[in-house]
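The values are calculated or read from the model by the stated rules, or taken from the named source; none is laboratory data. These numbers were taken from a predicted model, which means no experiment stands behind them. Because the Cβ atoms are built from the backbone with ideal geometry, glycine has one as well, and the counts that use them run over all protein chains shown.
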């Protein structure tokens, strides 16, 4: 009897508003986001990285309204997967599921390798890959504990990392070397080392990394079945998380750019924010900041990891996989968390942590994220159109402007992404479509046919 309960994937409502907000902000991690993404945005847009973040912030807030409204209508552990499946249909839902399956075994590993790289810069004797593997082991251990305990760990680390990012913001503002006009006239450095104006293509190319930086405000939705009064709490948690991340990260980007000693040197640096921190705070100050960054990135890995196994569990409950895989992802431990989902994430990410160097996966994962955004924004439009009288505990303001802004912004940003990242994402979508038509549709049609025949027999 005890085993059957765990197999069915039942959750307990134990989380409060502040706990889900803490998980969301820790998953976004303003500190991680700025230190991980700023360099990528700088390389594309130069000082226009600020405007890329402003465009990204407009899209992120618009998306948060979509997530908040749809999450209040379709609360479930699958979050975005549940929304897309319910609003657009099961085929589109499975596309979202497969995109999340890939994200789960890539994003956490890349963040932990980044954290281990910063740790190695402080203590060169610590090997990057092994440190990342150990971090993933700790993340998995925390993930398998009660969600309440894991959320308090995330909250404690969040306090530390917020202190770090605000200290960094204050130090770089105090050490500013440029006036505000420096960011109002975006410039970059060309191949010959000359300063030139940043074009619109460069700004749009930097929008996807910015969206990657803001991503995570939807994380409260994945704990819908573990939160008290989810239809009331979750939309508010989403909006609090997005506003907190937008304000903090924009301040971080502005202060970093104004404190930059040399644009050309920063763009050549493999870690431009370390270069800026050292010039503003000195070696000791920069070392303290980097310790905070290591903690922040670990917290991001933990908080992000918590959601993915819940998505996998929800896909299993919807019978998206062959029977053994459904039972694998649907099994829960004595702490009411999806145990084998976290084991899968732990092994998959640990392998990547060991064999992967610090390759830049930001643009690839960013493309996957904005494709999910496109599905969510489209879901918001279609659900309002088809179900105008449906009960919506949270109704987004300025309808239909938010989803329209999100769709236009995402499409424009995608047009400026690398062909390789677009092709990889297209391959994932193609695999999902083939799997649906070759297996899932036939499987569900067979179940429906069997059900119809059984009903006919019963009637006769």
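Is there a residue being part of a helix (DSSP H, G or I), closer than 17 Å to residue 299 by Cα and touching a helix residue (DSSP H, G or I) at 6+ places or on another chain (Cβ under 8 Å) anywhere in region 52-66?
no
Taking region 217-240, which residues are in a loop (DSSP other than H, G, I, E, B) and within 16 Å of the chain's Cα centre (by Cα)?
If the condition is that a residue be in a loop (DSSP other than H, G, I, E, B) and within 16 Å of the chain's Cα centre (by Cα), then 217, 218 are the ones that fit.
Within region 296-328, count every residue that is over 20 Å from residue 86 (Cα atoms) and buried (at least 21 other Cβ atoms within 10 Å of the Cβ).
11
Please pick out the residue among 271, 191 that is modelled with pLDDT under 85 and surrounded by fewer than 16 Cβ atoms within 10 Å (Cβ to Cβ).
Only one candidate qualifies: 191.
If only one of 109, 96, 57 is over 30 Å from residue 353 (Cβ atoms) and within 16 Å of the chain's Cα centre (by Cα), which one is it?
On inspection, the qualifying residue turns out to be 57.
Which members of region 274-291 meet the condition of being crowded, with 18+ Cβ neighbours inside 10 Å and closer than 18 Å to residue 113 by Cβ?
274, 290
Report yes if residue 196 is more than 15 Å from the chain's Cα centre (by Cα), within 26 Å of residue 168 (Cβ to Cβ) and surrounded by fewer than 20 Cβ atoms within 10 Å (Cβ to Cβ), otherwise no.
Taking the combined requirement at face value, the residue does not satisfy it.
Which residues, counting only those in region 13-51, are in contact with a strand residue (DSSP E or B) (Cβ under 7 Å, 6 or more places away or on another chain) and not in a helix (DSSP H, G or I)?
Those that are in contact with a strand residue (DSSP E or B) (Cβ under 7 Å, 6 or more places away or on another chain) and not in a helix (DSSP H, G or I): 13, 15.
Within the bounds of region 309-323, is there any residue that is in contact (Cβ under 8 Å) with a residue 12 or more places away in the chain, more than 21 Å from the chain's Cα centre (by Cα) and part of a helix (DSSP H, G or I)?
So far as region 309-323 goes, yes, one or more of its residues are in contact (Cβ under 8 Å) with a residue 12 or more places away in the chain, more than 21 Å from the chain's Cα centre (by Cα) and part of a helix (DSSP H, G or I).
So is residue 330 more than 27 Å from residue 214 (Cα to Cα), touching a helix residue (DSSP H, G or I) at 6+ places or on another chain (Cβ under 8 Å) and in contact (Cβ under 8 Å) with a residue 24 or more places away in the chain or not?
For residue 330, the condition - more than 27 Å from residue 214 (Cα to Cα), touching a helix residue (DSSP H, G or I) at 6+ places or on another chain (Cβ under 8 Å) and in contact (Cβ under 8 Å) with a residue 24 or more places away in the chain - is met.
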